[in-house]
Amino acid sequence: MTDANIKALVEKSFRHFHEHPELSYQEFQTTAYVRAELEKAGIKILDTGLKTGLVAQIGRGEGPVVALRGDMDALPIQEETDLSYKSREAGRMHACGHDFHTAAVLGAALLLKKEEGNLPGTVKVIFQPAEEAPGGAKVVLDTGALADVQAIFGIHIIVHIPVGTYALRSGAVTAAVDTFKITFRGRGSHGAHPDMGLDPIVAAADFVGAVQTIVSRNSNPFAANLVSVTHIQAGNTWNVIPETAFVEGTARTMTKEDRQLVEARIRVLADHLAQAYGESASVEWIAGPPATLNEEEWTGFAASVAKESGINVVQAPWNLGGEDFAYFLEKIPGSYIQVGIGDTYSNHHPKFQVDPGFLYPTSEYLAILAKKALVRLRK
């Protein structure tokens with residue numbers, strides 16, 4: 001394929017993915033589309049056993065190995081844009097740019113295939129399912145297909161950064177994302193006779209206020225931590241004190257130490273506040289992705305390659321959102337590169353739009369980055 005043909009295919013593929021969004025672990029059509037284009041180009045697809053998503057390989061299967069990752073899944077959102085290629089699937093939308101990611105990485109794979117005979121190593125290209133679930137990265141890692149990868153790079157769009165600009169930062173870029181679910185258990189009674197019961201709403205209400213002291217009094221004032229209670233449920237009528245009260249929320253942290261601190265304090269506060277009222281509390285802690293930790297050397301390398309390619313580079317802002325790519329970076333050094341798409345509605349908004357103006361240049365950049373990373377690893 002000529003570069004012009006690859007560019008046209010990348011742009012066509014982006015529109016196709018946007019029109020046909022699929023949710024986490026349901027990316028069957030998207031996977032089939034990517035597989036077909038890779039097979040047309042003669043790119044080897046590895047036998048991973050993945051039900052959705054795939055890993056392809058370019059090169060002779062020898063020498064150093066680097067990987068590029070694009071995520072594929074969409075969100076359960078009804079699109080409210082006026083795009084000519086808006087979603088055709090009711091209640092589903094690419095509202096986080098994964099259509100851009102998939103198309104850009106597909107283009108990079110096709111560009112690398114053209115130079116396969118001259119590659120100083122091997123490039124593995126990951127089309128990852130279920131970033132939004134999250135957990136798709138863990139599923140890919142569990143296949144063993146990335147066991148030999150020495151450096152990995154992923155991209156993600158970022159709003160309010162100009163088109164043609166990349167945002168990078170060493171260290172933590174996005175937060176560890178954890179969920180807590182707490183049930184305070186007391187003893188129900190008539191609303192007119194609270195002395196005959198143990199009111200779990202009182203304990204839950206005290207917890208909602210007390211839990212904010214973790215950030216304000218237990219954390220370093222310069223740390224980027226957050227605890228939010230987002231769901232409270234108790235009782236079902238006006239004159240009955242219920243048996244239980246349920247509190248749910250999220251914790252966001254940027255370091256392993258703070259992650260451990262926040263979990264420990266939430267457990268202690270829930271337990272001791274319940275005890276103070278003669279009640280009990282059960283805490284369910286659901287660990288999500290860890291913080292996305294960009295390796296300093298590879299992040300600096302990715303920035304320098306971008307600048308050499310004429311791409312403007314700025315320091316990425318910290319973000320307390322989560323990113324499934326963090327699971328890859330726990331195992332493999334690399335960098336998470338954010339691609340500016342200009343001013344638009346925020347990610348996960350029904351009117352969110354990607355400016356595709358820098359789509360194909362991102363494919364070109366990823367191909368160059370992979371090649372230069374292989375050269376660097378050979379030294």
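In a Gaussian network model over the chain where Cα atoms closer than 10 Å are linked, find which of VAL177, VAL105, VAL34 has the largest mean-square fluctuation.
Sorting by GNM fluctuation, first place goes to VAL34.
Hey, if we sort MET254, MET1, MET93 by accessible area with the 1.4 Å probe, largest down, what's the order?
Ranked list, largest accessible area first: MET1, MET254, MET93.
What figure in square angstrom, to the nearest 10, would you give for the accessible area of ILE152 with a 1.4 Å probe?
We get 0 Å² for ILE152.
Tell me, how many Å apart are the Cα centres for region 90-138 and for region 231-266?
37
Quick one: Karplus J couplings for region 144-151, per residue in order, coefficients 6.51, -1.76, 1.60, θ = phi - 60°, nearest Hz, x for Gly and Pro?
Per-residue couplings from phi come out as x, 5, 10, 4, 9, 6, 9, 7 Hz.
Stokes-Einstein D for the chain at 10 °C, 1.306 mPa s, Kirkwood Rh over Cα pairs, in µm²/s?
Translational diffusion coefficient: 71 µm²/s.
Which three lengths, in whole Å and largest first, does region 241-341 cover when its Cα atoms are put on their principal axes?
Projected onto its principal axes, the Cα set of region 241-341 covers 66, 27, 18 Å.
Any of LYS7/LYS371; LYS256/LYS307; LYS12/LYS113; LYS114/LYS379; LYS40/LYS331 with alpha carbons more than 21 Å apart? Name them for me.
From LYS7/LYS371; LYS256/LYS307; LYS12/LYS113; LYS114/LYS379; LYS40/LYS331, over 21 Å: LYS256/LYS307; LYS114/LYS379; LYS40/LYS331.
Leaving ligands, DNA and RNA out of it, work out the accessible area of ASP343 with a 1.4 Å probe and give it in Å² to the nearest 10.
130
With runs of 4+ DSSP H residues as the only contributors, calculate the mean residue ellipticity of the chain at 222 nm using -39,500 (n - 2.57) per run, divided by the residue total and rounded to the nearest 500.
That calculation yields -10500 deg cm²/dmol at 222 nm.
The values are calculated or read from the model by the stated rules, or taken from the named source; none is laboratory data. Just so you know, these numbers come straight off a predicted model, no measurement behind them. Each accessible area value is taken on the protein alone, full model and side chains, heavy atoms only, with ligands, DNA and RNA left out. Shrake-Rupley method; radii C 1.70, N 1.55, O 1.52, S 1.80 Å.
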